[in-house]
Amino acid sequence: MINLSEQVFLRWSDPQPAHVTLLTSASIDTVLLAVPHAAFEAAARAAKLATLPEAGAPPSVARGLWPGTRRAPGNQDPDNEVASASREPWIDANGHVVAFERALHPGQQVLLGYLPDDRIMPFDTLELALAEARVHGGNFILTLQPRFRSELLAGSPAARTAWDSLGQTIRFLKQHRDLLGRPALPIITAVVEPGMQTAEIANLLHRRGASPALISAQQIPKGRIHALVAAGMKQVPTAVFAHAAAGGTVIIDAPAPTAAKLTKREPDRDFLSLGKGRIVAYRKRVTDPSEFALDVIDVINHRQRAVRLWNALSSIPLATTAPAPGELLLHVLQYGSGESTELQARVQGHFSRAVMLSPGASPQPLQTARRGSTTEVFLPSPRRLAIVRFSGALG
C-alpha cells in the first residue's frame with residue numbers, strides 16, 4: 001500500500017546493486033525505475049527498500065519550477081546563488097502549487113513530480129524541493145540533476161555532503177510529520193479556482209510572505225475572515241461579500257455589489273463600505289500579481305499580518321496552526337544560500353515560549369517578546385528549513 005504523504009520517492013536511472021547502500025543511507029523509501037533491473041531489485045528487497053516501475057507510479061502534478069534563487073548575471077559559481085544586498089532575488093517556489101491543489105481537491109494527497117531544468121543549481125536544492133512540498137502538506141518525487149548524480153557516484157565531497165544533508169532532512173521531516181501540512185492562519189485567505197489567474201495570485205501572495213490560506217469557492221466558511229481575496233476569478237461568489245458585511249475586508253477585481261457605498265477613490269481602485277466591513281474593488285483585472293500581493297498586505301497593514309520576517313531576502317515564511325491548543329507554527333524556507341544574518345520574525349498572538357527545530361540540530365529555545373498584537377523572536381537564518389514552535393499562549 002503506497003502512502004503518498006509519508007513515503008520518500010526517488011527516480012533513479014541506470015540502477016546498480018551497489019547503489020542500494022547509498023539510497024538507504026538517505027532514508028529513501030521507494031525507488032522508481034524506468035526499466036526493470038532484477039539484480040538491483042533483489043538487493044533493494046534485501047535492504048527493505050521498495051521499488052516501483054516508473055510507469056506505475058502514483059499520479060503526480062508536473063507543474064512546478066526547480067526551487068531556489070536565480071543567479072545574477074556573471075556569477076559562474078553554481079553553488080552560490082546569492083543575490084546582491086542591494087536588490088531583491090527572484091525566487092522560484094512551489095509551496096503554492098500544493099496549497100492550490102489541496103484547496104481545489106480536498107482530501108486528495110498532492111504529489112509533485114516536476115523535473116530539474118537545465119540550470120545549474122546547488123545540490124541541496126533537492127532537499128529544498130522536498131521540504132517545501134511537505135511543509136505545505138504535499139510530497140515530491142526526488143530527481144537528481146545529472147551533475148549531482150554523476151558527482152555523487154564519483155564520490156565528490158560536495159555532492160556527498162549534500163546527499164548526507166538530504167538524508168538528515170528526510171529523517172527530520174519524518175520525525176516531525178505532525179507539524180507539516182497544517183492549515184495556514186486565515187488572516188489573509190484567497191479564493192482559488194481552476195486556471196492560472198488565481199493560481200498566480202496565490203503564488204505571489206506566498207512569495208511576498210503574506211502566508212495566505214487558500215480555499216475554493218465551495219469552501220468559503222460562514223463568519224468573518226480578516227481579509228478575503230477573491231481577485232482573478234471568473235465570477236466572485238456571493239458568499240464572499242458576507243465577510244464584508246460581517247466586518248471583514250474583501251478584495252476583488254470585479255464590480256462591487258450595488259448595496260456597497262463608496263468611501264474613497266484611488267487611481268486604480270475604490271474603497272466601499274458594506275455592513276460592518278469594507279470592499280476594496282480594483283477597476284481593472286489584476287495584471288501584476290506581485291504588486292497586488294503587496295497591496296493586499298498594505299490593506300490589512302503590517303501589524304495584522306500572520307507573520308513578518310526581516311533580513312530575509314530569499315526566505316519565505318508560512319504561519320500555521322499547531323497540533324496542540326495554544327500553539328502556533330512558523331515555517332521558514334530558505335531558497336538562497338550564504339545568508340548568515342539573524343532573522344527577526346513576528347507572528348500574530350502572544351506566546352511565552354518558542355523553540356526552533358531544524359534538520360541536524362538540537363531544539364533551540366528562542367527568547368520571546370510581546371510587540372503589539374504579535375510575538376517577536378530572533379532566529380539564525382536556516383540553511384534550508386526551520387520550524388519555530390510557539391507555545392504558552394497568553395491572553
As a test of the formula, what do you get for the chain when each DSSP H run with n ≥ 4 contributes -39,500 (n - 2.57) and the sum is divided by the residue count, at 222 nm and rounded to the nearest 500 deg cm²/dmol? -7000 deg cm²/dmol
From the square roots a ≥ b ≥ c of the eigenvalues of the alpha-carbon gyration tensor of the stretch 188-304, which class results: rounded (a/c under 1.5), prolate (a/b over b/c), or oblate? rounded
Students often forget the sequence filter, so: which lysines lie under 18 Å Cα-Cα from residue 261 once same-chain residues fewer than 8 apart are removed? 276
Note on the stretch 188-304, DSSP bridge orientation, antiparallel percent to nearest 5 equals 40
Note on the stretch 241-329: alpha-carbon gyration tensor, axes a ≥ b ≥ c; rule is a/c under 1.5 for rounded, else prolate if a/b larger than b/c, else oblate; result oblate
Could you give the dipole magnitude of the chain about its Cα centre, charging the beta-carbon of Lys and Arg +1 and that of Asp and Glu -1, in debye to the nearest 20? 1360
Length-normalised contact order of the chain, Cα under 8 Å, at least 6 apart, in percent, tallies to 13
Of all DSSP beta bridges in the chain, what percent run antiparallel (nearest 5)? 65
Can you divide the C-alpha Rg of the chain by 2.2 N^0.38 Å and report the result to two decimal places? 1.04
Can you give me the Kirkwood hydrodynamic radius for the stretch 9-179, using every pair of distinct Cα atoms, in Å to one decimal? 17.1
Which one of 183, 130, 172 has its Cα pushed farthest toward the positive end of the charge dipole of the chain, where Lys and Arg give +1 and Asp and Glu give -1 at the Cβ? 183
Rounded, prolate or oblate: which fits the stretch 307-393, taking a ≥ b ≥ c as square roots of the Cα gyration tensor eigenvalues, rounded meaning a/c under 1.5, else prolate when a/b beats b/c? prolate
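So how much slack lies between residue 353 and residue 154, counting 0.36 nm per residue of separation and subtracting their Cα-Cα distance, in nm?
67.1 nm
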Post the alpha-carbon centroid distance, the stretch 303-351 to the stretch 172-202, in whole angstrom. 15
Using a Förster radius of 22 Å, what is the FRET efficiency between residue 273 and residue 371 based on their Cβ-Cβ separation? Nearest 0.05, please. 0.15
Simple spin-label estimate for residue 14 and residue 235 in nanometres, 7 Å along Cα-Cβ: 5.6
Mean separation of Cα contacts under 8 Å (at least 6 apart) over the residue count of the stretch 307-393, i.e. the relative contact order in percent, is 35
Cβ-based net charge around residue 375, under 10 Å, with every Lys or Arg adding one and every Asp or Glu removing one: +3
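Read-outs: derived from the displayed coordinates by stated rules, not from any lab. If you're wondering where the values come from, they're calculated on a predicted model, not measured in any experiment. Methodologically, a virtual Cβ is constructed for each residue, glycine included, from the backbone with ideal geometry; neighbour enumeration extends over all protein chains shown.
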